[in-house]
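Before any comments, here is the structure.
The values are calculated or read from the model by the stated rules, or taken from the named source; none is laboratory data. Computed from a predicted model, the values in this text were never measured in an experiment. Cβ: placed from backbone, ideal geometry, glycine included. Neighbour counts: every protein chain shown. Heavy atoms of the whole protein, side chains included, go into the accessibility calculation; ligands, DNA and RNA do not. Shrake-Rupley method; radii C 1.70, N 1.55, O 1.52, S 1.80 Å.
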Amino acid sequence: MVKIAVVGGGIIGLSSACCLKRKYPKIEITLISEKFSPNTTGDGSAGVLMPYLLQDTPKDLVERWSKGTLDFFLSLWKTPEGGEVGISLIPVSIVTSNDEVPPYGVFGLHELTPTALQRFNIPTLRKGYSFTSFTCEPMKLLPYFLQEFTLAGGNVEERKVMNLESLGDNFDIVVNCTGLGAREVVSDESVIPIRGQVLRVEAPSVFQLIMCADADGRYIIPK
């Protein structure tokens, strides 16, 4: 029987392991990671579903992947556990001084009027979009994925993988979801860390996610 190893215990590794187990329930799948939640990089982050074109990625693939993620979040959000696993549906505004490409796979997308842009009090803004989309809290979603995977019969190994070649004798397929760890695991020196900082403030008047594409990834997510 085919044996599959998924390397990496972050949001990509866990979601990939779950997708594989759903599609191939009888195949032996093992999830391997040096650390699991709450000790992963993803535990300190947040996410918003706002797919966009990335370099030369074909548009049809972006749209197909976006729809798959949207359908998953929508189905999970409708369940009683939706809030417990950190899934929220909130309004979003993104503004930019450039000709930003609008995101895919969101609800009610429309371009902001010049009057709406002026409310942000940033004179250089040229374009903006408003829509509704999902946010997620990996600190809550990661344990949910891990539980789903193990209940479906998936194997979990908490250990460090030094290189993917070391898994070749025990597995037929190895799925690389190491993220930042790829710098060591596959000797990819183009992978570098980027510092992130999360600040929690009390702002009861903020009800929407606000992102400025000019601000190097800074955004406000209400909770």
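If you take the beta carbon distance between Leu151 and Asp60 as r and set R0 to 35 Å, what does 1/(1 + (r/R0)^6) give as a FRET efficiency, to the nearest 0.05? Here the calculated transfer efficiency is 0.55.
For the set Asp172, Asp188, the ranking by accessible area, highest first and with no ligand, DNA or RNA atoms included, is Asp172, Asp188 under a 1.4 Å probe. Dipole size of region 21-173 about its Cα centre, with +1 on Lys/Arg Cβ and -1 on Asp/Glu Cβ: approximately 440 debye, rounded to the nearest 20.
Accessible surface of Thr57, taken over heavy atoms with a 1.4 Å probe and every protein chain present, rounds to 40 Å². Expressed as a fraction of 2.2 N^0.38 Å, the value expected for a compact globular protein of N residues, the C-alpha radius of gyration of the chain is 1.13. Farthest towards the positive end of the charge dipole of the chain, among the residues Val6, Cys136, Asn121, is the Cα of Asn121, using unit charges on the Cβ of Lys, Arg, Asp and Glu. Shown here for region 121-194: GluC sites (Glu not before Pro) in loop regions (DSSP other than H, G, I, E, B) with at most 13 other Cβ atoms within 10 Å, namely Glu189. Principal-axis analysis of the Cα atoms of the chain puts helix 138-151 at an angle of about 30° to the longest axis. Quick check on region 147-223: take the gyration tensor over C-alpha atoms, sort the square-rooted eigenvalues as a ≥ b ≥ c, and tell me if it's rounded (a/c under 1.5), prolate or oblate. Oblate. Applying 1/(1 + (r/R0)^6) with R0 = 35 Å to the Cβ-Cβ distance of Lys35 and Leu74 gives a FRET efficiency near 0.70. 3J(HN,Hα) couplings calculated from phi for region 77-82 with the Karplus curve 6.51 cos²θ - 1.76 cosθ + 1.60 (θ = phi - 60°) are, in sequence order, 5, 6, 8, x, 7, x Hz; Gly and Pro show x. Among the trypsin sites (Lys or Arg not before Pro) within region 1-98, which fall in a DSSP loop and have no more than 16 other Cβ atoms within 10 Å of their own Cβ? Here the trypsin sites (Lys or Arg not before Pro) that fit, given the DSSP loop and packing criteria, are Lys26, Lys35, Lys78. So if R0 is 30 Å, what FRET efficiency would Val206 and Lys67 give, r being the distance between their Cβ atoms, rounded to the nearest 0.05? Taking R0 as 30 Å, the efficiency between Val206 and Lys67 is 0.55.
The residue among Ser97, Gln147, Val186 whose Cα reaches farthest toward the positive pole of the charge dipole of region 71-223, with charges on the beta-carbon of Lys, Arg, Asp and Glu, is Ser97. Counting only protein heavy atoms and a 1.4 Å probe, the chain has 63 square angstrom of accessible area per residue.
Listed by chain and number, the aspartates and glutamates whose alpha-carbon sits under 13 Å from that of Lys3, ignoring those within fewer than 8 places in the same chain, are Glu28, Asp169, Asp172. For region 121-174, the fraction of 1.4 Å probe accessible surface lying on carbon and sulfur atoms is 49 percent.
Subtracting the Cα-Cα distance of Ile90 and Met139 from their residue separation scaled by 0.36 nm leaves 15.8 nm. Restricting region 66-126 to GluC sites (Glu not before Pro) that sit in a DSSP loop and have at most 14 other Cβ atoms within 10 Å of their own Cβ leaves Glu81, Glu84.
Rounded to the nearest 5, the antiparallel percentage of DSSP beta bridges internal to the chain is 50%. With each label modelled as a point 7 angstrom along the Cα→C-beta vector, the Arg183-Lys26 pair spans 4.4 nm. Partners of Lys223 within straight-line reach, counting lysines whose Cα lies under 21 Å from its Cα and excluding those fewer than 8 residues away in the same chain: Lys78, Lys140.
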